[in-house]
Each structure stands twice: as structure tokens, then as C-alpha cells.
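The values are calculated or read from the model by the stated rules, or taken from the named source; none is laboratory data. Everything numeric here is computed off the predicted structure, so don't read it as measured data. No Cβ is skipped: glycine too gets one built from the backbone with ideal geometry, and neighbour counts run over all protein chains shown.
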Amino acid sequence: MAKVMVVDDETDLRNLVKLIMEKEGFEVETAENGADFLSKVDKFKPDLVLLDVMMPGLTTREILEKLKEKNTQPKIVLLTVVRYSDEEKEQLFKMGNIVDYITKPFDVQKLVSAVSQHIVAA
């Protein structure tokens, strides 16, 4: 069973995405911020991470740097309210193992399709 980790500081959204992913047959773990995620990632070993961009504490870049230090490289799909330009998207994908991003509010089917696509490509 493929593993998905949902990292978001908004409890309701985190729980909703967890339920959606479990309904799709994924094993799911959640984290409420970057530090919580980093404390769980080695034990859970997710195939894919749904990572909120705007959270208190560690920045996305800091999280990615710490993952590299841990030598842990799950695929990452960013969840964000930010609408990126093409240039900004290009920079994001150069940061590490970011494979996609989905803007909030998101379409559930688009989220499920993106996760399934990137896990199958693993």
C-alpha cells in the first residue's frame, strides 16, 4: 500500500485530506508543521508528501534542506493558496523533489489524480 503524508497547519483541512487519501486506499500519516513532519518522516517513509507552503515555523526551503540532510527524498506535492508565475514554478521544481503543486481551494478529483499519478510514477 502506498504511503502519503499530509502536512498542513489547518486541522480541518489536514483531516479532510487524510480522509480523502484513505478512501482512495493510501496509508496516511499527518503532521501539523515542518518540525512535526521531520520528526515522523523517517519512521513513516512516505512515497509522497502533500506539503502546505504557508505554515508557521520552518519554511518550505528549510524543510527540503533538512530532508536532504536526512537523505530522505519522498516526492512532494505542494498545497498552496499562492498562484505562481511560470518562472516561480520553475524555481520551485529546482528546489528538490517537488513534483507538482495544487492550489487551494482544490478540486478533490484533481488532488486524487495528482497523487495517484505521482505515486504510480514512483
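This table checks each residue for (1) of a type in the set (Lys, Arg); (2) within 18 Å of Val112 (Cα to Cα); (3) at pLDDT below 85.
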position	(1), (2), (3)
Met54	no, no, no
Lys68	yes, no, no
Thr72	no, no, yes
Glu87	no, no, yes
* To do: Restrict the check to segment 15-38 and report whether at least one residue is polar (S, T, N, Q) and either buried (at least 16 other Cβ atoms within 10 Å of the Cβ) or in a loop (DSSP other than H, G, I, E, B) (or both).
  => yes
* Asked: For Met55, all conditions in the list (1) surrounded by 15 or more Cβ atoms within 10 Å (Cβ to Cβ); (2) hydrophobic (A, V, I, L, M, F, W, C); (3) outside any loop (DSSP other than H, G, I, E, B) hold save one; what is the number of the exception?
  -> (3)
* When you go through (1) farther than 22 Å from Asp12 by Cβ; (2) under 14 Å from the mean Cα position of the chain (by Cα); (3) surrounded by fewer than 19 Cβ atoms within 10 Å (Cβ to Cβ) one by one for Lys66, which number turns out not to apply? -> (2)
* Asked: Does Leu58 fit the bill of being of a type in the set (A, V, I, L, M), in contact with a Phe, Trp or Tyr (Cβ under 9 Å, 6 or more places away or on another chain) and closer than 21 Å to Ala2 by Cβ?
  -> no
* Among the residues of segment 39-52, count how many are among the acidic types (Asp, Glu) and not in a strand (DSSP E or B). => 2
* Asked: Of the numbered conditions (1) of a type outside the set (A, V, I, L, M, F, W, C); (2) surrounded by 17 or more Cβ atoms within 10 Å (Cβ to Cβ); (3) closer than 15 Å to Ala31 by Cα, Lys45 satisfies every one except a single condition; which is it?
  -> (2)
* Report yes if some residue within segment 80-102 is farther than 18 Å from Arg14 by Cα, in contact with a strand residue (DSSP E or B) (Cβ under 7 Å, 6 or more places away or on another chain) and part of a helix (DSSP H, G or I); otherwise report no. => yes
* Asked: Looking at this structure, is Ala31 in contact with a Phe, Trp or Tyr (Cβ under 9 Å, 6 or more places away or on another chain) and either among the hydrophobic types (A, V, I, L, M, F, W, C) or closer than 21 Å to Ala2 by Cα (or both)?
  -> yes
* Asked: How many residues are at positive phi and either hydroxyl-bearing (Ser, Thr, Tyr) or without any contact (Cβ under 8 Å) to a residue 12 or more places away in the chain (or both) if we restrict to segment 24-81?
  -> 1
* To do: Mind listing whichever residues of segment 4-14 are loosely packed, with under 14 Cβ neighbours inside 10 Å and among the charged types (D, E, K, R)?
  => Asp12
